[in-house]
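The values are calculated or read from the model by the stated rules, or taken from the named source; none is laboratory data. Note that the coordinates shown come from a computational prediction; the quantities given were computed from them, not determined experimentally. Don't worry about glycine lacking a Cβ; one is built from the backbone with ideal geometry, like all the others, and counts go over all protein chains shown.
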């Protein structure tokens with residue numbers, strides 16, 4: 001009885017495997033078409049989405065590198081390493097300006113009513129050359145302080 005039954009089971013398993021391959025190819029093509037319509041080149045995932053990808057990707061382990069398309073396979077591998085090692089992820093972007101520089105900029109803006117360029121000039125007199133006009137603007141905007149013409153009492 002097992003002489004004809006096991007080849008039959010293998011045939012059924014092979015048919016479902018081929019069907020799964022066709023479904024995966026369809027989903028990959030659909031994903032590529034959707035990615036072309038997304039205006040941004042880089043997609044930022046939320047923590048929940050990243051964890052979901054990690055959970056599903058580690059279940060299929062080596063096959064995830066061939067399937068993943070929303071992030072680079074190396075990025076996915078880095079996520080897996082970070083998850084297993086328990087080390088926190090690196091922060092992206094430039095480091096913020098030090099608290100002392102931020103306090104000086106805010107204090108100058110509040111006490112004098114000067115604009116970005118005047119504050120920049122005063123900082124350069126103090127030999128703080130690592131601060132730019134856009135940095136001062138960003139610091140004041142984060143603090144909720146308007147630019148100089150709108151801040152003063154007027155002429």
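Determine whether residue 21 is more than 30 Å from residue 145 (Cβ to Cβ), part of a helix (DSSP H, G or I) and more than 21 Å from the chain's Cα centre (by Cα). Spell out the reasoning first.
Working: more than 30 Å from residue 145 (Cβ to Cβ): yes; part of a helix (DSSP H, G or I): yes; more than 21 Å from the chain's Cα centre (by Cα): yes.
Considered against the rule, which asks whether it is more than 30 Å from residue 145 (Cβ to Cβ), part of a helix (DSSP H, G or I) and more than 21 Å from the chain's Cα centre (by Cα), residue 21 comes out as yes.
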Which one of these does residue 43 not meet: (1) modelled with pLDDT of 80 or more; (2) surrounded by 10 or more Cβ atoms within 10 Å (Cβ to Cβ)? (1)
